[in-house]
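The values are calculated or read from the model by the stated rules, or taken from the named source; none is laboratory data. Just so it is clear, the structure is predicted and the values come from calculations on it, not from any experiment. Here the Cβ positions follow ideal geometry from the backbone for every residue, glycine too, while neighbour counts run over all protein chains shown. Note: areas computed on protein heavy atoms with side chains; ligands, DNA, RNA excluded. Shrake-Rupley method; radii C 1.70, N 1.55, O 1.52, S 1.80 Å.
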Amino acid sequence: MCLFCKIVNKEIPANIEMEDENFLAFHDINPKAPVHILVIPKQHVDSFNEVSAETMAGMTTFIQEVAEHVGIKESGYRLINNVGHNGGQEVKHLHWHVIGGAKLTFPHLTDADPKDFL
Ligand code: AMP
């Protein structure tokens, strides 16, 4: 069973912020900003590559509710979804990073030359 499935099953602890029948929002153990919450589907999905449009529709509403609940809806926030090796996905259970609570930077992401892909 994967790490985040264990959190869903309450086999390992997490600082849970919100929960409904299908989704869970909990604080990242290594926050990158004053607010750093992870939103996951309770049913295991490896990554964004495999998620259904139906699940994403539910997650969209849930993420909007989380942003309002933690008070960052109006001030703004960033959603990050890392996919696979190059995306930097460490935990192979779909999760959206909901990051805010301060003005965020938009850092340099790679030393690769963007023209190499064209
Ligand atoms: P990613 O690199 O997109 O797969 O992000 C995985 C995230 O999970 C990282 O930001 C970690 O800090 C976070 N993380 C790992 N283990 C835990 C845990 N037990 N509870 C909360 N967050 C975790």
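Structure values in brief
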quantity	calculated
Number of positions in the stretch 60-78 that are away from the ligand (no atom under 15 Å from the Cβ), under 14 Å from HIS95 (Cα atoms) and not β-branched (Val, Ile, Thr)	1
Selection within the stretch 83-100 - surrounded by fewer than 17 Cβ atoms within 10 Å (Cβ to Cβ) and either near the ligand (Cβ under 9 Å from one of its atoms) or part of a loop (DSSP other than H, G, I, E, B) (or both)	VAL83, GLY87, GLY88, GLU90, VAL91, LYS92
Residues of the stretch 26-54 classified as open to solvent by 40 Å² or more (accessible area, probe 1.4 Å) and not in a strand (DSSP E or B), total	15
Matching residues in the stretch 26-51 - criterion: being within 12 Å of the ligand (Cβ to nearest atom), under 18 Å from VAL66 (Cα atoms), under 13 Å from the mean Cα position of the chain (by Cα) and not aromatic (Phe, Trp, Tyr)	HIS27, ASP28, ILE29, PRO31, LYS32, HIS36, ILE37, LEU38, VAL39, ILE40
Residue in the stretch 89-108 that is among the hydroxyl-bearing types (Ser, Thr, Tyr) and more than 17 Å from GLU17 (Cβ to Cβ) present	yes
When residues of the stretch 5-25 are limited to those that are in contact with a Phe, Trp or Tyr (Cβ under 9 Å, 6 or more places away or on another chain) and either within 8 Å of the ligand (Cβ to nearest atom) or not hydrophobic (A, V, I, L, M, F, W, C) (or both), the one least open to solvent (accessible area, probe 1.4 Å)	ILE7
